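Everything on this sheet refers to the single structure shown next.
The values are calculated or read from the model by the stated rules, or taken from the named source; none is laboratory data. Everything numeric here is computed off the predicted structure, so don't read it as measured data. Cβ sites come from the backbone with ideal geometry, for glycine too, and all protein chains shown count toward neighbours. Ligands, DNA and RNA are excluded from the accessible area calculation, which covers all protein heavy atoms including side chains. Shrake-Rupley method; radii C 1.70, N 1.55, O 1.52, S 1.80 Å.
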Amino acid sequence: MPNELPKMTTMKNAAAHVLEEKESGFLSQRVIDLRSDTVTRPTPAMRKAMAEAEVGDDVYGEDPTVNRLEAAAARIFGREAALFVPTGTMGNQIAIKVHTHPGQEIICEERAHILDWEMGMPAWFSGCVLRTLSGEDGILSWREIQKKIPEQSYARARTGLIELENTHNMAGGTVTPVEVMEEICDGAHDRGIPVHLDGARVFNAAVALGRPVVEITRKVDSVMFCLSKGLGAPVGSMLAGSRTFIDHARSVRKALGGGMRQAGILAAAGLIAIEEMPKRLHEDHANAKILAKALAEIPGLKIEPERVKTNIVIFDVSGVGLGSGELLRRLREHNLIGSAVNEFVVRLLTHMDVSRADCLQAASIIRKVCKR
Ligand code: TLP
């Protein structure tokens with residue numbers, strides 16, 4: 001219950017509180033959950049807004065709270081329109097469907113979420129092939145991308161879309177600079193190719209770059225971002241783009257069964273997520289840095305803390321003589337949970353339900369387990 005400890009601590013004398021927690025056994029059971037920033041619980045303000053949300057049937061376009069959320073997202077991203085979707089995966093797949101035709105290629109980084117974690121849907125749902133390339137730290141460049149675009153020929157599939165991910169999840173929350181994104185967009189547009197941004201954590205990118213999301217995403221044709229990750233909403237993502245793009249996206253969402261009815265209950269939390277929560281993301285980045293620095297001091301772990309720019313900490317555990325699965329199993333016995341990227345790489349994410357003290361505690365648990 002990561003939410004509860006800090007809340008109660010502010011209300012009571014801290015020492016008395018810890019004693020009580022020990023007596024009740026709560027402290028020893030408390031789990032530090034660093035698997036993802038998706039694990040956060042809605043804040044009290046979100047729960048209140050959800051309970052009081054004005055709602056209507058959104059399939060008829062009559063949910064005032066969803067309409068407010070879509071208008072807010074469009075305004076913040078400087079777009080004509082936006083669409084509320086249940087998940088980031090659905091948002092990405094709708095965008096791919098709208099931008100492409102079956103038989104086309106989509107260029108993306110080799111560890112892209114659309115490739116590794118979206119169930120082969122670009123092929124299944126949109127009939128497209130992914131043409132991947134590797135970018136250092138997950139960051140692509142126009143120079144490398146253009147080599148992957150085939151000359152027009154009767155025998156070659158056309159490139160229907162370029163897909164970017166900022167921040168890049170599996171590269172460790174890395175941030176693509178605005179100039180790099182813009183060069184890619186300019187090059188792609190010259191060739192008549194649209195660009196979609198998987199911006200699940202684009203607000204983290206904005207904090208790391210010190211620039212508003214509207215500047216980062218100015219040149220992409222569509223952007224998906226998540227309300228339910230670092231921004232703390234319980235459910236939901238947004239797709240933003242031109243009016244024509246969003247009109248088409250709305251009908252694809254319906255085809256996927258994503259037409260939600262009184263979704264204002266969810267959108268109410270989304271409004272708080274988009275308007276209030278970006279302000280606190282720098283805390284998650286600072287905690288990730290603290291965690292990374294502490295991990296770098298543990299013999300056997302491989303991590304370069306200076307590469308940690310946002311809230312994702314990825315490190316290699318092969319030097320401790322355990323695979324990531326076994327290490328994570330042992331950490332769980334000490335009430336710490338993380339996730340595995342592969343056999344020897346572990347991923348930890350900071351978020352609003354873990355504190356700086358939790359991160360230091362996590363590092364000390366990892367040190368203990370690695371030593372054994
Ligand atoms: N990422 C999840 C897992 O699926 C790996 C996580 O815990 O990080 N794009 C990116 C870059 C993402 O990281 C995710 C979720 C999504 C899209 C999909 O979002 P959801 O889970 O809402 O479908």
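Which of rounded, prolate, oblate describes segment 201-274, given a ≥ b ≥ c as roots of the alpha-carbon gyration tensor eigenvalues and a/c under 1.5 marking rounded, otherwise prolate only if a/b is larger than b/c?
Numbers: a/c = 2.70, a/b = 1.27, b/c = 2.13.
Oblate shape, in that a/c is at least 1.5 and b/c is the bigger or equal ratio.
Carbon and sulfur atoms: what percent of the 1.4 Å accessible area of the chain do they account for?
Values: 8650 of 16440 Å².
After summing per-atom areas, the C and S share lands at 53 percent.
For HIS168, what is the net charge nearby, where nearby means another residue's Cβ is under 14 Å from its Cβ and Lys, Arg count +1, Asp, Glu -1? Write out the running numbers ahead of the final one.
Numbers: positive: ARG111, ARG201, LYS229, ARG307, LYS309, ARG347; negative: GLU109, GLU110, ASP116, GLU136, ASP137, GLU163, GLU165, ASP198.
That sum, taken over residues with Cβ under 14 Å, equals -2.
For the chain, with every protein chain kept in place, what is the accessible area per residue (1.4 Å probe, Å²)?
On the way: 16440 Å² over 372 residues.
Dividing the accessible area of the chain by its residue count gives 44 Å².
Say the cut-off is 23 Å between C-alpha atoms; which of LYS309/LYS368; LYS229/LYS289; LYS148/LYS219 go over it? Walk me through the numbers on the way to the answer.
Values: LYS309/LYS368 26 Å; LYS229/LYS289 18 Å; LYS148/LYS219 21 Å.
Long pairs (Cα-Cα over 23 Å): LYS309/LYS368.
Go through segment 54-69 residue by residue and turn each phi into a ³J(HN,Hα) via Karplus (6.51, -1.76, 1.60, θ = phi - 60°); whole Hz please, and just put x for glycine and proline.
With the stated coefficients, segment 54-69 comes to 7, 10, x, 8, 5, 5, 8, x, 10, 9, x, 6, 4, 4, 5, 5 Hz.
What's the longest uninterrupted piece of the chain once you rule out the chymotrypsin sites (Phe, Trp or Tyr not before Pro) that are loop residues per DSSP with at most 16 other Cβ within 10 Å? Each step should come with its number before you reach the end.
Values: sites that count: TRP117, TYR154.
Maximal segment without exposed cleavage sites: 155-372.
Just to confirm the filter: which GluC sites (Glu not before Pro) across segment 86-170 are DSSP coil and have at most 12 other Cβ within 10 angstrom of their Cβ? Don't skip to the answer; put the middle values down first.
On the way: sites: GLU105, GLU109, GLU110, GLU118, GLU136, GLU144, GLU151, GLU163, GLU165; in loops: GLU110, GLU118, GLU151.
Qualifying residues, ordered by number: GLU151.
Using the Karplus equation 6.51 cos²θ - 1.76 cosθ + 1.60 (θ = phi - 60°), what ³J(HN,Hα) coupling, rounded to whole Hz, does each residue of segment 231-244 give in order, writing x for Gly and Pro?
Listing the rounded values in order: 7, x, 6, x, 8, x, 9, 10, 10, 10, x, 6, 4, 4 Hz.
Grab every C-alpha pair in the chain, bin the distances at 10 angstrom width from 0 up to the longest one, and report whole percents.
5, 23, 30, 25, 13, 3, 0, 0
Can you work out the Karplus-derived ³J(HN,Hα) for every residue in segment 281-296? Use 6.51 cos²θ - 1.76 cosθ + 1.60 with θ = phi - 60°, whole Hz, and x for glycine or proline.
4, 4, 5, 5, 5, 5, 5, 5, 5, 4, 4, 4, 5, 5, 5, 4
So which GluC sites (Glu not before Pro) in segment 240-349 end up in coil per DSSP with only 14 or fewer other C-beta atoms within 10 Å? Could the numbers behind the result be given before it?
Details: sites: GLU275, GLU276, GLU283, GLU297, GLU306, GLU326, GLU333, GLU343; in loops: GLU297, GLU343.
In loop regions of segment 240-349 (DSSP not H, G, I, E or B), the sparsely surrounded GluC sites (Glu not before Pro) are GLU297, GLU343.
Among LEU140, LEU130, LEU256, which one shows the biggest mean-square fluctuation in a GNM of the chain, springs joining Cα atoms closer than 10 Å?
Among LEU140, LEU130, LEU256, the largest mean-square fluctuation in the Gaussian network model of the chain belongs to LEU256.
Do the sum for the chain: with -39,500 (n - 2.57) for every DSSP H run of n ≥ 4, divided by all residues, what is the mean residue ellipticity at 222 nm, to the nearest 500 deg cm²/dmol?
Numbers: 17 runs with 166 residues, N = 372.
Result for the chain, helices only: -13000 deg cm²/dmol.
Within 13 Å, Cβ to Cβ, of GLN93, how many net charges do the neighbouring residues add up to if Lys/Arg are +1 and Asp/Glu are -1? Present the calculation step by step, with values, prior to reporting the outcome.
Details: positive: LYS97, ARG253; negative: GLU118, GLU163, ASP198.
Computed value for this residue: -1.
With a cut-off of 17 Å, note down the residues of segment 274-299 whose backbone N falls inside the zone around a label point 7 Å from the Cα of GLU52 toward its beta carbon.
275-276
Using the crude model of +1 on Lys and Arg Cβ and -1 on Asp and Glu Cβ, and no other charge, please compute the dipole size for the chain relative to its Cα centre, in debye to 20. Spell out each step's value before the answer.
Details: 46 positive and 47 negative charges, 135 e Å.
The dipole magnitude comes to about 640 debye.
Between beta-carbons, use under 12 Å as the cut-off and find the net charge around PRO305, counting Lys and Arg +1, Asp and Glu -1. It would help to have the intermediate numbers written out before the result.
Working: positive: LYS289, LYS293, LYS302, ARG307, LYS309; negative: GLU297, GLU304, GLU306.
Combined, the nearby Lys, Arg, Asp and Glu give +2.
Using Cα springs under 10 Å in a Gaussian network model of the chain, which residue among GLY187, GLY160, GLY236 shows the largest mean-square fluctuation?
Looking only at GLY187, GLY160, GLY236, the biggest GNM fluctuation is shown by GLY187.
Want the number for LYS254 to GLU304: 0.36 nm per residue separation, take away the alpha-carbon distance, what's left?
Working: separation 50, 0.36 × 50 = 18.00 nm, distance 4.42 nm.
Difference between extended and current length: 13.6 nm.
Give me the percent relative contact order of the chain, please, defined on Cα pairs under 8 angstrom at least 6 residues apart. Each step should come with its number before you reach the end.
Numbers: 729 pairs, mean separation 84.8, N = 372.
Relative CO of the chain lands at 23 percent.
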